[in-house]
Amino acid sequence: MEERMFFSGKAFCTHHHIEISFLHSLHDYGLLEVTSSEEDFLLPQDQLDALEKMVRLHFDLNINLEGIDAIYNLLHRVEDLQREVSTLRNQLRGFEAGT
């Protein structure tokens, strides 16, 4: 089983010059996984890229939480479709090679 790495929510907010309430809002909206500790809250390392994208979407492009949620749902759907197309292409190559 793979051990998950975490990073500090407070350190992330300090680095990106944002309020910690934004991360709480993302968590409350279901867009961010958070683990609480005594003095800080911890964010999974595997969510760092997505979190940085959400920060840019919100603060640079003024996209609200509902918009970020819609964007991420669409991105996940596109990724699923790309995997499906790749699988189908591989199957098609197998059929073509067999003939």
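The numbers here are math on the coordinates, done by the rules we state, and not lab data. Here the structure is a predicted model, which is why all the values come from computation and not from measurement. Every residue, glycine as well, gets a Cβ built from its backbone with ideal geometry; the counts of neighbours run over all protein chains shown.
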| Do we find a residue being under 28 Å from Arg4 (Cβ atoms), touching a Ser or Thr at 6+ places or on another chain (Cβ under 8 Å) and without any contact (Cβ under 8 Å) to a residue 60 or more places away in the chain anywhere in the range 74-95? | no
| remark: The condition of being assigned to a helix (DSSP H, G or I), polar (S, T, N, Q) and surrounded by 13 or more Cβ atoms within 10 Å (Cβ to Cβ) holds, among Ser25, Ser86, Ser21, only for Ser25
| field | Condition check for Ile63: surrounded by 10 or more Cβ atoms within 10 Å (Cβ to Cβ), among the hydrophobic types (A, V, I, L, M, F, W, C) and not in a helix (DSSP H, G or I) | value | yes
| task | Hey, could you check the range 34-47 for residues that are out of contact with any Asp or Glu (no Cβ under 9 Å at 6 or more places or on another chain) and surrounded by 14 or more Cβ atoms within 10 Å (Cβ to Cβ) and say which is farthest from Ser8 (Cα to Cα)? | result | Val34
